[in-house]
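Q: Have a look at the structure that comes next, please.
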Amino acid sequence: MASIRIVPAQVTDVPVILRMINALAEYEQLTHEVIATEDDLRQSLFGPRPAGEVVLAYSGETPIGFALYFHTFSTFLGRQGLYLEDLFVVSEWRGKGVGKQLLAHVAAIAESRKCGRLEWAVLDWNESAIAFYRRMGAHVLDEWRICRLTGSELRAVATRR
């Protein structure tokens, strides 16, 4: 197997990041939800107040996976954490340890920043990902549900002050 390198993304990697996001959306059957543009990502990830960070996995010069994460805060721990928004490996590289390396890389970042936890969500139908995360030592918290407001619902709640 070729050696894999994981590097922090740079602003010049925005086209690669968007390709990875679109590939992830295709895998998750959510392409209809992707409205991000290169300009959105450039501003959100590399602008004056970066909202998240990205690492890219490469085999040679070929991008084969990515992880996008950002800081959270736990009131119970009184410490910051990292939230792993996306971890994706292109299909031909799955099962070859790239996902493990990406997850370990982000976990090492969380440890180095003295984060209290690393968390993420996984789709309930993605049994292979759930099994992978469990093998990596993650606890799948079945009792928690994700809540979301977007678009008109978000605007409606925001005006209820």
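The values are calculated or read from the model by the stated rules, or taken from the named source; none is laboratory data. Source: prediction; values computed, not measured. Ideal geometry is used to build each Cβ from the backbone, glycine not excepted, and the neighbour counts take in all protein chains shown.
Q: Examine the stretch 146-157 for a residue that is within 15 Å of the chain's Cα centre (by Cα) and either assigned to a loop (DSSP other than H, G, I, E, B) or surrounded by 12 or more Cβ atoms within 10 Å (Cβ to Cβ) (or both), and state whether such a residue exists.
A: No, the stretch 146-157 has no match at all.
Q: Let me ask something additional. Looking at Ala107, Ala121, Ala138, can you tell me which residue is of a type outside the set (Ser, Thr, Tyr) and within 18 Å of Tyr27 (Cα to Cα)?
A: Ala121
Q: A follow-up question, please. I need a count of the residues in the stretch 100-121 that are among the charged types (D, E, K, R) and assigned to a helix (DSSP H, G or I).
A: 2
Q: Working only within the stretch 86-99, note down all residues that are surrounded by 14 or more Cβ atoms within 10 Å (Cβ to Cβ), more than 12 Å from the chain's Cα centre (by Cα) and in a helix (DSSP H, G or I).
A: Trp93, Val98
The rows are residues; the columns are (1) more than 15 Å from the chain's Cα centre (by Cα); (2) at pLDDT below 95.
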| site | (1), (2) |
| --- | --- |
| His105 | no, no |
| Val122 | no, yes |
| Phe132 | yes, yes |
| Arg160 | yes, yes |
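Q: Can Val106 be described as over 26 Å from Arg148 (Cα atoms), of a type in the set (Val, Ile, Thr) and touching a strand residue (DSSP E or B) at 6+ places or on another chain (Cβ under 6 Å)?
A: Considered against the rule, which asks whether it is over 26 Å from Arg148 (Cα atoms), of a type in the set (Val, Ile, Thr) and touching a strand residue (DSSP E or B) at 6+ places or on another chain (Cβ under 6 Å), Val106 comes out as no.
Q: Sort out which residues of the stretch 69-109 are under 14 Å from Ser128 (Cα atoms) and hydrophobic (A, V, I, L, M, F, W, C), and write them in order of number.
A: Leu87, Phe88, Val89
Q: Enumerate the pairs (first residue in the stretch 1-28 and in contact (Cβ under 8 Å) with a residue 40 or more places away in the chain; second residue anywhere and among the polar types (S, T, N, Q)) with beta-carbon separation below 7 Å, excluding pairs fewer than 6 apart on the same chain, so at least 6 apart or on different chains.
A: Close Cβ pairs satisfying both conditions: Ala2/Ser59; Ile4/Ser59; Ile4/Gln101; Ile6/Gln101.
Q: Sticking with this structure for a sec: Within the stretch 23-74, can you find the residues that are within 27 Å of Asp124 (Cα to Cα) and part of a loop (DSSP other than H, G, I, E, B)?
A: Within the stretch 23-74, Glu28, Gln29, Leu30, Val34, Ile35, Ala36, Ala51, Gly52 meet the criteria.
Yes/no per residue for (1) out of contact with any Asp or Glu (no Cβ under 9 Å at 6 or more places or on another chain); (2) closer than 21 Å to Ala108 by Cα; (3) without any contact (Cβ under 8 Å) to a residue 12 or more places away in the chain:
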{"position": "Leu123", "(1), (2), (3)": "no, no, no"}
{"position": "Ser128", "(1), (2), (3)": "yes, no, yes"}
{"position": "Gly137", "(1), (2), (3)": "yes, yes, yes"}
{"position": "Ile146", "(1), (2), (3)": "yes, no, no"}
{"position": "Leu149", "(1), (2), (3)": "yes, no, yes"}
{"position": "Arg155", "(1), (2), (3)": "yes, no, yes"}
{"position": "Thr159", "(1), (2), (3)": "yes, no, yes"}
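Q: I've got another one for you. Go through the stretch 84-103 and report how many residues are among the basic types (Lys, Arg) and over 10 Å from Ile64 (Cβ atoms).
A: 1
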